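Undergrad: Below you will find the structure I want to go over with you.
Readers should treat all values here as calculations from the given coordinates under stated rules, not as data from a laboratory. Values in this document were obtained by computation on a predicted structure and should not be read as measured data. Positions of Cβ are generated from backbone atoms using ideal geometry, with glycine treated the same way; all protein chains shown enter the neighbour counts.
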Amino acid sequence: QVQFVESGGGLVQPGGSLRLSCAASGSISSIYAMGWYRQGPGKQRELVAVAIRGGSTNYADSVKGRFTVSRDNAKNTVDLQMNSLKHEDTAVYYCNSSPPRGGYWGQGTQVTVSS
């Protein structure tokens with residue numbers, strides 16, 4: 001069973017940038033799609049970005065053009081570059097396969113966008 005550890009969150013002003021990293025305890029090369037999810041205050045967890053094994057990516061409309069997801073199968077990592085951050089991006093961010101596997105959720109990393 002793979003475990004994911006997310007890092008890189010923090011407090012940032014609107015318009016700022018952050019880069020999140022997800023490190024897997026095992027190989028992700030067999031996982032077809034890796035996703036970044038987020039759960040904002042009082043909201044359900046949502047999928048915001050997906051990195052497909054072959055290299056393609058998909059994004060939620062709310063982050064398209066601002067976020068970039070990338071995966072490194074050799075290093076077993078998945079990163080999320082977040083630019084032009086908005087208040088509504090405030091959330092705990094998680095990585096997991098897409099669709100998610102229940103036993104794989106990590107602790108997440110908090111991103112707070114505030115002036």
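Undergrad: What does the charge count near residue 100 come to, summing +1 for each Lys or Arg and -1 for each Asp or Glu among other residues with Cβ under 14 Å from its Cβ?
TA: Within the 14 Å Cβ shell, the charges total +1.
Undergrad: Another question, if that's okay. In straight Cα distance, which aspartates and glutamates are under 17 Å from residue 75, not counting same-chain residues fewer than 8 positions off?
TA: 6
Undergrad: How about residue 86: which lysines have a C-alpha closer than 29 Å to its C-alpha, ignoring those fewer than 8 places off in the same chain?
TA: Within reach: 43, 64.
Undergrad: Go through 22-32, 8-18 and give me the packing order, highest mean Cβ count within 10 Å leading.
TA: 22-32, 8-18
Undergrad: Moving on to the next point. Amide H to amide H under 5 Å from residue 85: which residues, 5+ apart in sequence or cross-chain, H placed 1.01 Å off N in plane?
TA: Correct list: 15, 16.
Undergrad: Given H placed 1.01 Å from N in the peptide plane, which residues other than close sequence neighbours of residue 60 have an amide H under 5 Å from its amide H?
TA: Here the answer is 49, since their amide H atoms fall under 5 Å of that of residue 60.
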